[in-house]
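The values are calculated or read from the model by the stated rules, or taken from the named source; none is laboratory data. Keep in mind that what you see is a predicted model, and the values were worked out from it rather than measured. Glycine gets a Cβ as well: all are built from the backbone with ideal geometry, and neighbour counts include every protein chain shown. Quick note on the areas: whole protein, heavy atoms, side chains included, nothing else; ligands and nucleic acids left out. Shrake-Rupley method; radii C 1.70, N 1.55, O 1.52, S 1.80 Å.
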Amino acid sequence: MAKQNMVILYGTWTIPYVKRVELTLKVKDLRNKSPMLLKLNPIHKKVPVLVHNGKAITESLVIIEYIDETWKTGPRILPQDPYKRSQIRIWASYIQQVNEAMVMVLKTIGEAQENAIKEVSEKVKLLEAGLKGLFPDGIPSVDEYSKNVTLLDLVILANLGGYEAQEGVLGVKIIDSEKTPLIVSCITALIELPAVKESWMPDEKVVAFLKFFRENALNSAAA
Amino acid sequence: MSQVTVLGAWPSPYVYRVIWALKLKGVDYEYVEEDVLHNKSDRLLKYNPVHKKVPVLVHAGKPIAESAVILEYIEETWPQNPLLPKDPHQRALARFWIKFGEDKSAALFGFFMTEGEQQEKATKEGQEQLRILEEQGLGEKMFFGGDEIGMADLEFGWLAWWLDVMSEIAGVKVIDAESFPRLHAWIQRFKDISAIKEPLPDRSAMLTYFKGRRATFLALAKS
């Protein structure tokens, strides 16, 4: 297999930052154009790492922009208009803060957890407001998404798509159709896309992983 | 009436990145000073309701926040004197170092927010990151962008003017010509570019301002 045109993604399914890149590659349907492997045992220290033509790229948002700029045929992950691009970039990078806040909820108990829940709820509220601004006519349908998904959609899906499993583990609703209807609509529609469905982890697996993650975090905090 | 407005605060290096980009591309703009510490204007709150921070770029009435996002917008809207290379892999590298600068800012500024033993530790941590930046980011190049100044150079522009002031106030030497020869040489080259040096703030005003900031940080740390 020639080194040229080979795209390798290093990562594990449990890390949303890896998932973002995996989803991007699937949506761009690069499997038919160049051999793609998702390796489960990363050899680089940090994941995700994308290796293309022997050159490595890290940082999920940087990788996604690289993919979009390199494979220009097929769906564009970022729109042409510079202003629209800027809005998508702003909200996509905001999701990192939401994610960090969410992880704090998983890692804490008692009062610390209550505070963490308050914080992530505020952030999620802001994100919902941001989506309202970006989608004044409502979230696209599955059909519309099948023609065009953006960087922001993929990032929301990868980072927040497991919200139901998370609710199962924590017993608390942070994202739900009452508080954050747009985020929920977005995720619900995106999960139906064939490119997404085929690699989507079943809830039981996600629940098992989150439980393990939380136990680990609480044990090392207590130690 | 200028179509381009920059909302900024004169001591902020984030704001200068935007100003430098506009100057390097020869784009006319109107600058509006915001008192972010004490009295944010209605205009700022309207244009950046989420984070209420500067810089904000307003172009034809549309606001864009987050300096990294603003720089990408400027690059896409005014392509003359490009600040990013054409090759997707080189672009990915530039963006990687920009993200590195953002992610490591706590480590890099730590020396300024601490004193005593904590400061010794923080200074070492910052220097470790600067070592990585010098060896892997800059390497043997004239600028982070290669032979010409680029977006990554603007990200680290604070090293060329702010670091010196902050070091003096905090009483530590973070970089010097012997310990970081390449970064030091880059600083001289960077400051020599007229679009860069022309808008730089007055050094004595900076000393006064940042002395106040350090006092605030240290007081907060004690409380």
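Computed values, structure above
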read-out	value
Student exercise, the stretch A:148-208 dipole from Lys, Arg, Asp, Glu Cβ charges, in Debye to nearest 20	120
The stretch B:186-209 versus the stretch A:182-223: alpha-carbon centroid distance in Å	48
Accessible area per residue, Å², chain A with all protein chains present, probe 1.4 Å	49
Dipole of the stretch A:116-223, positive end: most advanced residue of A:Asn219, A:Gly171, A:Val184 [Cβ charges, Cα centre]	A:Asn219
Longest DSSP-loop-exposure-free segment, GluC sites (Glu not before Pro), chain A, at most 16 other Cβ within 10 Å	A:1-177
Heavy-atom SASA rank of B:Ser223, A:Ser146 (probe 1.4 Å, accessible area, largest first)	B:Ser223, A:Ser146
Percentage relative contact order, chain A, counting C-alpha pairs under 8 Å, at least six apart	21
Mean separation of Cα contacts under 8 Å (6+ apart) over length of chain B, as relative contact order %	19
Dipole axis of chain B (+1 Lys, Arg; -1 Asp, Glu on Cβ), positive-most option in B:Pro13, B:Val54, B:Gln80	B:Val54
Percent accessible area from carbon and sulfur atoms, the protein assembly as shown, protein chains only, probe 1.4 Å	53
Loop-located trypsin sites (Lys or Arg not before Pro) in the stretch A:151-212, at most 16 other Cβ atoms within 10 Å (DSSP)	A:Lys173, A:Lys179
Unit Cα scatterers, Debye sum, chain A: log10 I(q)/I(0) for q = 0.08, 0.09, 0.17 Å⁻¹	-0.29, -0.37, -1.30
Given charges at beta-carbon only (K, R positive; D, E negative), |dipole| of the protein assembly as shown in Debye	500
Convex hull volume per residue for the stretch B:1-135, taking Cα atoms only, in Å³	128
Percent antiparallel among DSSP beta bridges (both partners in chain B, rounded to 5)	70
Charge dipole magnitude, Cβ of K and R +1, D and E -1 - chain A, Cα centre, debye nearest 20	920
DSSP loop GluC sites (Glu not before Pro) with at most 10 other Cβ within 10 Å: longest gap in chain B	B:1-139
Label-zone membership for the stretch B:48-68, site B:Ser41, 7 angstrom Cα→C-beta point, backbone N under 20 Å	B:48-67
Per-residue mean of C-beta atoms belonging to partner chains within 10 Å, peptide A:115-128	0
Mean Kyte hydropathy of 0.0 or more with a Cα span along the axis of at least 24 Å, helices from DSSP in chain B	B:203-222
Angle in degrees between helix A:181-191 and the longest Cα principal axis of chain A, rounded to the nearest 10	40
Shielding by other protein chains, B:65-75, mean Cβ within 10 Å	4
Chain A: antiparallel DSSP beta bridges as a percent of all, rounded to 5	65
Mean-position separation - Cα centroids, the stretch B:138-155 and the stretch B:39-66, in angstrom	29
Trypsin sites (Lys or Arg not before Pro) restricted to the stretch B:187-217 and DSSP loop, no more than 16 other C-beta within 10 Å	none
Heavy-atom accessible surface that B and A bury in contact, both chains counted, 1.4 Å, Å² to 100	1900
Rounded to 10°, Cα long-axis angle of helix A:60-70 versus longest principal axis of chain A	20
Under 24 Å from B:Lys62, Cα to Cα: lysines that are on another chain or at least 8 residues apart	A:Lys84, A:Lys123, A:Lys125, A:Lys132, B:Lys23, B:Lys25, B:Lys40, B:Lys46, B:Lys52, B:Lys53
With Cα atoms, 0 to 90° folded angle of helix A:82-107 axis to chain A main axis	40
Mean separation of Cα contacts under 8 Å, 6 or more apart, over the residue count of the stretch B:47-152: relative contact order %	21
Cut-off 13 Å between beta-carbons: net charge of the residues surrounding B:Leu218, Lys and Arg +1, Asp and Glu -1	+3
Per-residue mean of C-beta atoms belonging to partner chains within 10 Å, peptide A:59-67	4
Bridge type composition, the protein assembly as shown - antiparallel percent by DSSP, nearest 5	70
At 0.692 mPa s and 37 °C, Stokes diffusion of the protein assembly as shown via Kirkwood alpha-carbon radius, µm² per second	139
